[in-house]
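Okay, so here's the structure we're looking at.
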Amino acid sequence: MFEGLSQRFDQILRKITGKGLLTESQVAETLQEIRIALLEADVTLDVVTKLVDALRQKLVGAEIAKAMTPVETVLKELYLEIVRILGENKSNIQLSSKPPTIIFLMGLQGSGKTTTVAKLAYHFRQSGKRVLMVASDLQRLAAVEQLKVLGEQVGVPVVLPKENVTRPKDMYPDVRRRWIEGMHEVVIIDTAGRLSIDEDLMQELKELKALYNPKESLLVLDAMTGQESVRVAQAFDQKIGLDGLIFTKLDGDARAGAILSIRSVLGKPIKFIGTGEKTDRLEPFYPDRVASRIIGMGDIQTLIEKAQHAVTKEDAEKMVNRVTKNQITFDDFLDQIRTMRKMGSVNDILSMIPGASSVKDKLDMGVVEKEMKRTEAVILSMTKKERNSPEIIDGSRRRRIASGSGTTVQVVNQVLRQFEQVRKMMRTALKPNGKRALRSMLPF
């Protein structure tokens with residue numbers, strides 16, 4: 001997420017690392033580089049100017065706290081300013097006091113709108129709500145089929161248009177009947193998209209919004225489009241009215257421009273961000289956590305939450321007990337790899353760890369992901385007995401495992417060495433207070 005800008009900030013701050021005091025000329029040079037970095041990230045000029053001016057007021061002539069170095073001071077003030085322009089506080093979806101809460105999702109084609117409908121439905125279903133999705137994007141017939149398939153994947157019912165229904169507003173009676181009969185608490189409407197904004201689209205959305213009277217009208221935006229998404233948001237807000245925004249495709253090489261500009265330009269909060277294709281890759285937007293990621297300081301809280309979702313407390317306790325009894329097997333090793341996968345890519349995980357940017361720079365993430373898949377294939381090619389007792393894996397067994405996993409004997413040997421290294425590392429938990437130390441590492 002925002003790797004380009006994070007790396008630029010890292011380069012800028014390295015230049016003042018080790019300085020005892022910052023002179024006015026050094027502050028000016030640092031601020032100029034921050035300004036250029038933000039403009040290159042496609043942040044609007046007005047937002048950049050205000051942010052740099054605010055930093056200048058805080059840094060020029062200010063006394064540096066004795067407990068902090070100059071680079072720590074710049075980092076702290078930059079973080080606070082980014083939090084301020086992002087909105088400071090998390091903005092929740094407003095739920096109706098009397099169900100259902102109707103959520104209106106809008107967006108141009110290609111923004112990830114229909115996928116986001118399913119992700120949002122999954123989010124509410126996971127929190128125990130009875131959810132209903134409505135496939136009313138009749139401009140793109142594939143959207144109806146797409147939402148139907150996604151509904152099956154996330155376990156949420158979908159209202160589909162009946163035969164000969166060509167106008168979304170004609171679906172309303174059937175939608176209303178379904179939410180009453182199903183006692184649904186949240187109804188999410190997938191509205192029509194277009195390749196570009198036009199009057200027909202806006203008129204259709206106006207009519208549909210008046211009909212459903214949604215509690216939340218949210219616009220889905222592609223973070224990859226930079227300032228263009230800001231202009232799209234302005235048009236939708238002026239014509240339809242928005243309560244908030246959802247940015248998608250933040251797992252790609254998204255520039256930070258739109259995210260950093262939208263609140264100042266539009267005055268509307270970002271509610272969620274999409275960080276991947278899977279239905280669980282939708283995160284509530286926390287300004288402080290995103291600011292921390294942007295400046296390269298990671299996001300430990302989100303990492304902990306991802307770990308809590310990826311592994312249950314009971315499974316974690318079982319693992320601790322197995323480790324302390326020196327009973328770890330290849331099945332446990334495989335579980336750890338799959339748990340890590342559930343939490344996201346290696347790149348995602350490293351981006352949440354403070355100070356891991358230097359490690360990321362030295363690693364080819366594509367190679368790391370490939371090696372994890374290869375390790376999984378090797379383990380799956382072992383018999384149950386081999387996974388439990390790897391010491392029995394002799395030369396002939398290694399050749400069979402290599403053949404079954406589509407790898408080589410050298411790769412199998414490498415996986416066996418990795419496993420033994422993990423076992424040795426885990427044995428440190430067998431020392432006095434080891435079990436307590438292991439438990440302290442769990443996110444529970």
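Quick notes on this one:
- Just one residue in the set Glu163, Glu216, Glu145, Glu207 is touching a Ser or Thr at 6+ places or on another chain (Cβ under 8 Å) and not aliphatic (A, V, I, L, M); that residue is Glu216.
- Residues in the stretch 93-111 that are among the hydroxyl-bearing types (Ser, Thr, Tyr) and more than 18 Å from Trp179 (Cβ to Cβ): Ser111 only.
- The stretch 202-222 - residue that is without any contact (Cβ under 8 Å) to a residue 40 or more places away in the chain and not acidic (Asp, Glu) and, of those, farthest from Tyr172 (Cα to Cα): Met202
- Checklist (1) modelled with pLDDT under 90; (2) within 18 Å of Gly241 (Cβ to Cβ); (3) of a type in the set (A, V, I, L, M) applied to Leu205, failing item: (1)
- Meets criteria (among the acidic types (Asp, Glu), under 24 Å from Lys249 (Cβ atoms) and in a loop (DSSP other than H, G, I, E, B)) for Asp42: yes
- Residue in the stretch 5-58 that is surrounded by the most Cβ atoms within 10 Å (Cβ to Cβ), counting only those that are more than 26 Å from the chain's Cα centre (by Cα) and among the hydroxyl-bearing types (Ser, Thr, Tyr): Thr30
- Val415 vs. criteria crowded, with 17+ Cβ neighbours inside 10 Å, assigned by TED's automatic domain parsing to the domain that holds Arg341 and within 14 Å of Phe333 (Cα to Cα): yes
- Selection from the stretch 155-174 of residues that are buried (at least 20 other Cβ atoms within 10 Å of the Cβ) and either of a type in the set (A, V, I, L, M) or closer than 14 Å to Leu120 by Cβ (or both): Val156, Val158, Val159, Met171
- Every residue from the stretch 351-372 that is at pLDDT 75 or above and surrounded by 11 or more Cβ atoms within 10 Å (Cβ to Cβ): Val368, Glu369, Lys370, Glu371, Met372
- Within the stretch 88-99, the residues that satisfy the criterion of being touching a residue at least 40 places away in the same chain (Cβ under 8 Å) and either surrounded by fewer than 19 Cβ atoms within 10 Å (Cβ to Cβ) or in the same structural domain as Ala54 (by TED's automatic domain parsing) (or both) are Glu88, Asn89, Lys90, Asn92, Ile93, Gln94, Leu95, Ser96, Pro99.
- Every pair of residues 6+ apart whose Cβ atoms lie under 7 Å, when the first sits in the stretch 416-431 and is on the phi > 0 side of the Ramachandran plot while the second is modelled with pLDDT under 75 and charged (D, E, K, R): none
- Boolean, Thr375 is on the phi < 0 side of the Ramachandran plot, touching a helix residue (DSSP H, G or I) at 6+ places or on another chain (Cβ under 8 Å), in a loop (DSSP other than H, G, I, E, B) and in the same structural domain as Asp335 (by TED's automatic domain parsing): no
- Contact annotation: residue pairs with Cβ atoms under 9 Å, 6 or more positions apart or on different chains, pairing a residue in the stretch 129-150 that is free of Cβ contacts under 8 Å to residues at least 24 places away in the same chain with a partner that is among the charged types (D, E, K, R), are Val144/Asp137; Val144/Asp190.
- Qualifying residues in the stretch 392-444 (those that are of a type in the set (D, E, K, R) and modelled with pLDDT under 75) - the one nearest to Lys370 (Cα to Cα): Arg427
The values are calculated or read from the model by the stated rules, or taken from the named source; none is laboratory data. Predicted model, so just to flag it, every value in this text is computed and none were measured. Because the Cβ atoms are built from the backbone with ideal geometry, glycine has one as well, and the counts that use them run over all protein chains shown.
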